[in-house]
Amino acid sequence: MTEVADYIVVGSGSAGAIIARRLADAGAAVTLLEAGRRDNTRLVRKPGMIGPLHSVPQLKQIVDWGHYTVEQKHALARKVPMTHGKVVGGSSSINGMVFVRGNRKNFDDWAAEGNTGWSYEDVLPSFKKFESFEDGGNEWRGGDGPIKVIRARDLTPASESFIEALVQATGARRNPDYNGAEQEGVSIFQQSNSNGLRSSTAVGYLDDRPANLTVLPKTQVARVVIENGRAVGVEILTVRGREVLRAAREVIVSAGAFGSPQLLQLSGIGPADHLRAFDIDVVADLPVGDNLHDHLFVPMSFAMPTALHRSSPGHFASALVRETLRNNSTWLARSVFEVVSFLRTSQAKDIPDLQLHVLPWSYPGPNQDAPIRHVPDPRCALTVMSTLIYPRSRGTVRLLSADPAAAPAIDPNYLDEQVDVDTLVEGMELIREIMAAGPIAGAVDTEVQPGAQHRTRADLAKEVPNRATTVYHPVGTCRMGVDERAVVDPTLRVRGVEGLRVADASIMPSIVGGNTNATTMMIGEHAAAMLLG
Ligand SMILES: Cc1cc2nc3c(=O)[nH]c(=O)nc-3n(C[C@H](O)[C@H](O)[C@H](O)COP(=O)(O)OP(=O)(O)OC[C@H]3O[C@@H](n4cnc5c(N)ncnc54)[C@H](O)[C@@H]3O)c2cc1C
């Protein structure tokens, strides 16, 4: 065994890159292992390239694990693509860049379950630490962190009229900062990019790394090496075969909501019967891979000339030429999302339970499951997504093979709970109400997706299993907690194993009410602070 570092961090994504950098800044020797390739291409770093990156299978496979769910029994046996970054920066290098913390109550709920140190007041400094918000720092926001956050700008007239219509139809307020004091209302979307460049954790934390932080791309970890109940290193897959790297202090697993449970299970940490079925020696019998849950949305597209954007090669090519000639001069410099709203359905208790994502582009429907290039309607269109942010359904991640190169079985068990369908349908009905309101109705030519023929609540409910799709926010599979369902304790240590922590989206006990990247980066900062004591 070669002693390579004080700390080994597995996975360079939203959490892992941050942990590795903070430990290195404190003087430790850190090795960061990443299965994917380097991220320094325009395809990854130019924000608007997300369109081709996700819609052209040949491009997507360069940076994606290529996972699919198992057949979803409540969604017409669909196998839903579970895109997940396999590249330096992880999913922060390929995501939609919208920037949302969630609701402060989400963290207070984690703390109330026994997760001491994770209330909103506790995690707020970790949120502030990583961000540079364009308005500067204040009580709620960070002003000088490595991740740049700006608001969408030059909103299309369609998006502007959507805001007006939403206010009129729902009575919701315009909220200048949904990541500030209050989440509720309608707002201009914030996004993690600036000056025409994606602000991933690779850009923010790794580009200018110190010499004591070694990043090894194209290095997949096969298992954590555990001796006498203590994690002492990892086994990696190389072209020469398997090799062991040793950590003098700790191993931190930040391989994401699929990668982390898979790696723990391959290392003998997981449900004992499941591991034995693959002849894996059991180190710790823990519910690793349980509690998988995810946000779902149903896109509704409306043909509207005022949306200005067409999903045509000509429209894309002209922006690409202009953006190449002058950086940060076109829509390619930013996320495609313009407006967000947090609202309450009839099911809501204390906080908003519905999110609307709004983008001035048409969206292919009814779903994008097939691994082909999906062609959206060519007209200018506004898409509004009814988004379920507190799903009740729970699923699993399990091994299909003891071979680390094999994909795991991912079963989010989407729409298992009827209330999840009901919430999405209520959101769809609300979107129709908004689109029929005075400030926007006259500008809408027609509803393209799902289409006016799906008229009643029952019609919409029937469409949900075919149209609902992942927002790519899987969490919860190495749950943090203090009871039998916990995999890690509130200091992120794997229960019953020394020298091993998990820190990424998988530790969320329950999903936050908003896109998960910001919370996962907070987890990275919070974990680093705990490691450094
Ligand atoms: C397509 C897409 C769009 C999204 N859009 C948004 C958005 O707009 N806003 C938002 O807030 N959130 C968004 N998200 C979600 C957000 O990006 C994720 O929640 C977040 O990045 C998860 O971070 P993580 O650290 O848990 O995992 P990741 O960032 O996925 O990092 C895990 C890393 O570990 C590596 N890895 C895994 N297994 C191994 C192994 N065995 N050995 C070595 N390396 C390994 C992976 O390659 C990866 O780089 C999106 C996600 C996707 C996929």
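The values are calculated or read from the model by the stated rules, or taken from the named source; none is laboratory data. Just so you know, these numbers come straight off a predicted model, no measurement behind them. Please note: Cβ atoms are built from the backbone with ideal geometry, for glycine as well, and neighbour counts cover all protein chains shown.
Points worth noting:
- When we screen PRO287, PRO313 for residues that are exposed (fewer than 15 other Cβ atoms within 10 Å of the Cβ) and away from the ligand (no atom under 15 Å from the Cβ), the only hit is PRO313.
- Residue-level check: of (1) among the polar types (S, T, N, Q); (2) buried (at least 19 other Cβ atoms within 10 Å of the Cβ); (3) out of contact with any helix residue (DSSP H, G or I) (no Cβ under 6 Å at 6 or more places or on another chain), THR238 misses just (2).
- Filter result for SER506 (surrounded by 24 or more Cβ atoms within 10 Å (Cβ to Cβ) and either farther than 22 Å from GLN183 by Cβ or of a type outside the set (Val, Ile, Thr) (or both)): yes
- Candidates in region 247-267 are the residues that are under 21 Å from the mean Cα position of the chain (by Cα) and more than 10 Å from VAL502 (Cα to Cα); of these, the one that is nearest to the ligand (Cβ to nearest atom) is GLY259.
- The set of residues from region 249-267 being of a type in the set (A, V, I, L, M, F, W, C) and assigned to a helix (DSSP H, G or I) comprises ALA257, PHE258, LEU263, LEU264, LEU266.
- Of the strands (runs of 3 or more DSSP E) entirely within region 152-237, those holding at least 2 residues that are closer than 25 Å to GLY513 by Cα occupy 185-188.
- Residue count for region 424-453, restricted to those that are in contact with a helix residue (DSSP H, G or I) (Cβ under 7 Å, 6 or more places away or on another chain), closer than 24 Å to ILE389 by Cα and outside any helix (DSSP H, G or I): 1.
- Subset tally (residues that are of a type in the set (S, T, N, Q) and touching a Leu at 6+ places or on another chain (Cβ under 6 Å)) for region 367-392: 2
- Yes/no for SER132 being part of a strand (DSSP E or B) and away from the ligand (no atom under 15 Å from the Cβ): yes
- Here ASN328 meets each of (1) in a strand (DSSP E or B); (2) surrounded by fewer than 23 Cβ atoms within 10 Å (Cβ to Cβ) with one exception, condition (1).
- The set of residues from region 369-390 being within 15 Å of THR83 (Cβ to Cβ) and either among the acidic types (Asp, Glu) or crowded, with 18+ Cβ neighbours inside 10 Å (or both) comprises just one member, ASP369.
- From the list ALA303, ALA272, the lone residue that is more than 16 Å from the ligand (Cβ to nearest atom), touching a strand residue (DSSP E or B) at 6+ places or on another chain (Cβ under 6 Å) and either in contact (Cβ under 8 Å) with a residue 60 or more places away in the chain or basic (Lys, Arg) (or both) is ALA303.
- Some residue of region 289-299 being in a helix (DSSP H, G or I) and either in contact with a Cys (Cβ under 7 Å, 6 or more places away or on another chain) or closer than 30 Å to PHE337 by Cα (or both): no
- The set of residues in region 362-414 that are of a type in the set (Ser, Thr, Tyr), more than 27 Å from ILE511 (Cα to Cα) and away from the ligand (no atom under 16 Å from the Cβ) contains only SER362.
- Failed item, numbered, when GLY451 is tested on (1) of a type in the set (Gly, Ala, Ser); (2) on the phi > 0 side of the Ramachandran plot; (3) in contact with a strand residue (DSSP E or B) (Cβ under 7 Å, 6 or more places away or on another chain): (3)
- Helices (runs of 4 or more DSSP H) (entirely within region 33-101) containing at least 1 residues that are hydrophobic (A, V, I, L, M, F, W, C) and within 11 Å of the ligand (Cβ to nearest atom): 50-55, 57-63
- Of the residues making up region 155-214, those that are surrounded by fewer than 24 Cβ atoms within 10 Å (Cβ to Cβ), in contact with a Ser or Thr (Cβ under 6 Å, 6 or more places away or on another chain) and within 30 Å of GLU121 (Cα to Cα) number 1.
- With respect to (1) within 16 Å of the ligand (Cβ to nearest atom); (2) in contact (Cβ under 8 Å) with a residue 12 or more places away in the chain; (3) outside any strand (DSSP E or B), the lone exception for TRP140 is condition (1).
- Here ASN106, ASN115 are screened, and the one residue that is within 16 Å of the ligand (Cβ to nearest atom) and either modelled with pLDDT of 95 or more or not in a helix (DSSP H, G or I) (or both) is ASN106.
- Of note, GLY27 satisfies the criterion of being modelled with pLDDT of 95 or more and surrounded by fewer than 24 Cβ atoms within 10 Å (Cβ to Cβ).
- Subset of region 500-516 [within 12 Å of the ligand (Cβ to nearest atom), outside any strand (DSSP E or B) and not small (Gly, Ala, Ser)]: ASP504, ILE507, MET508, ILE511, VAL512, ASN515, THR516
- Selected residue (only one of ALA406, ALA370 is over 29 Å from SER311 (Cα atoms) and assigned to a loop (DSSP other than H, G, I, E, B)): ALA406
- For ASN228, the stated conditions do not hold, so it cannot be described as farther than 25 Å from PHE278 by Cβ and of a type in the set (S, T, N, Q).
- Within region 5-32, being near the ligand (Cβ under 9 Å from one of its atoms) and part of a helix (DSSP H, G or I) holds for GLY16, ALA17, ILE18.
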